[in-house]
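Shown next, in structure tokens, is the structure this report addresses.
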Amino acid sequence: MVKLGIDRINEFDRELIGRRLGVISACSGLSSDYRYPIDILNEKYTVKAIFSPEHGPRGVLGPGEKVGGGVDKLTGLPVYSLFEDFLFQGGKDNAYMPDKSVLADIDCMVYDMQDIGSRYFTYVSTLFYVMKACAENKLPLFVLDRPNPIGGDVEGCIQDEANLSFIGLTRVPIRHGMTVGELAQLYNGEYNIGCDLTVITLTGWDHGMYYDETGLPFVRPSPNLPTFESVLAYNGTCMFAGTNVSEGRGTTQPFLLVGAEYIDPAALADRLNGSLDGVKFSPAFFRPEFSKLAGKTLYGVRVHVTDKRALKPVRLGVTMIKAMQELYPHDFEFTPPKTVGGRYHVDLSTGNSDLRDGLLSAGQIMEKWNKDAKDFEEKRKKYLLYD
């Protein structure tokens, strides 16, 4: 069975006992004995504060919802936000960094959050900013590692500099194939952060292993990722967040249901079936209770993952969007920027304008993007901690 970083915390008592800890965590993952890291650390050590990422310390806030400060009900600890606002158009670092005045009462920071293997997922951007804050304030950081739930495969492009944002803060492929501990090492090495970093590694895990093979309890990493199948599809279907098509938020099957009012579900399913390995599509009819197109009856497809190892989720998203561009050229739209001269959401998430431009086929886009992925596989080798 896989042992998590939090499961090995007793081995680091010498470094942690007697220190005032700041904990960066959320209810995105349990220990192997079904406890949350915040509660384990607070029971064992002197925790002075919780620093909260997107979705809040107990994981109940929606995507992009502002995280406020306050007091954690279960521990009584003060909570400080690392997610003031979803600043897609570019914001100041202090919207995502621990405040210096709070860090004055901290001797050491501990990070434990379950990533999902996606550049879009903001927990890894929070990690980057925490590392910067630790370096600036001369605080050691312990990263308690967790599995990459979708293994070590790499897929997709590295974004253009102009499209860096909190949903793509560092130049790694969409599917990076690394754990948070490995990413922390890469951030230190490639961005010269200078963080005093210790990664408490996993045991019993390798890059060929998916989360459902670890023997560990699954917890939704965020409110709209309730199942492992949603996590498998996320790198692809999350691209629809920047379009007028619902990605299934507001339903019981987010990132598996995709649809809009103008889609013919049978025609779309027929168009997509047989075009991709590891996935099938069935006609779908659904009505989101909240989020995009809430209260409207939508028509589209349900994504069924039939072979997780054969599935290429980035190719899935690109193929689905290209199919809708071709089937519904007068209806399908990318969400425009919120401000004049701003950036398109889809460009920020995918990393460039290839999908929005409509000049390349799905195959051409993936051929171009996966050149980046291949180059990145070489670069990341020196930062990997597992086979």
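With charges only on Cβ, +1 for K and R and -1 for D and E, what is the dipole size of segment 6-215 about its Cα centre, in debye, rounded to 20?
Computed charge dipole of segment 6-215: roughly 540 debye.
Here the Gaussian network model covers the chain, with springs between Cα atoms less than 10 Å apart; of ASN273, ASN352, ASN148, ASN273 fluctuates the most. Rounded to the nearest 20 debye, the dipole size of segment 292-379 about its Cα centre is 360 debye, using +1 on the Cβ of Lys and Arg and -1 on the Cβ of Asp and Glu.
Taking Cα pairs under 8 Å and at least six residues apart, what relative contact order does segment 6-215 come out at, in percent?
19 percent
Dipole of segment 6-215 (Lys/Arg Cβ +1, Asp/Glu Cβ -1, origin at the Cα centre): which of MET131, VAL172, LEU103 lies farthest to the positive side? The listed residue farthest towards the positive side: LEU103. Round to the nearest 10 and give me the degree value, 0 to 90, for the angle of helix 228-237's Cα axis relative to the longest principal axis of the chain. It is inclined by approximately 60 degrees. Full extension of the segment from GLU136 to LYS280, taken as 0.36 nm per residue of separation minus the current Cα-Cα distance, would add 47.0 nm.
One decimal place: the segment GLN364-ASP331 gains 9.5 nm when fully extended, by the rule 0.36 nm per residue minus the C-alpha distance. Tell me, what is the percent relative contact order of the chain, built from C-alpha pairs under 8 Å that lie six or more residues apart? Relative CO of the chain lands at 16 percent. Charging the Cβ of each Asp and Glu at -1 and of each Lys and Arg at +1, and nothing else, the dipole of the chain about its Cα centre rounds to 280 debye. Across THR297, THR122, THR252, mean-square fluctuation computed from a Gaussian network of the chain (C-alpha pairs under 10 Å connected) peaks at THR297. Spin-label model, ASP13/THR252: points 7 Å from Cα along the beta carbon direction are separated by 4.6 nm. Largest mean-square fluctuation among ASP105, ASP270, ASP357, in a Gaussian network model of the chain whose springs join Cα atoms under 10 Å apart, belongs to ASP357. Relative to the longest principal axis of the Cα atoms of the chain, the long axis of helix 123-136 lies at roughly 40 degrees.
Taking amide H atoms as placed 1.01 Å from N in the peptide plane, the amide H of ARG19 lies under 5 Å from those of THR46, each 5 or more residues away in sequence or on another chain. Taking the average, over residues, of other Cβ atoms within 10 Å as the packing measure, peptides 173-182, 192-201 rank 173-182, 192-201 from highest down.
All of the numbers you see were taken from the coordinates with simple rules; none came from a lab. Not measured: the values here are computed from a predicted model. As a convention, Cβ positions derive from the backbone with ideal geometry for all residues, glycine included, and neighbour counts pool all protein chains shown.
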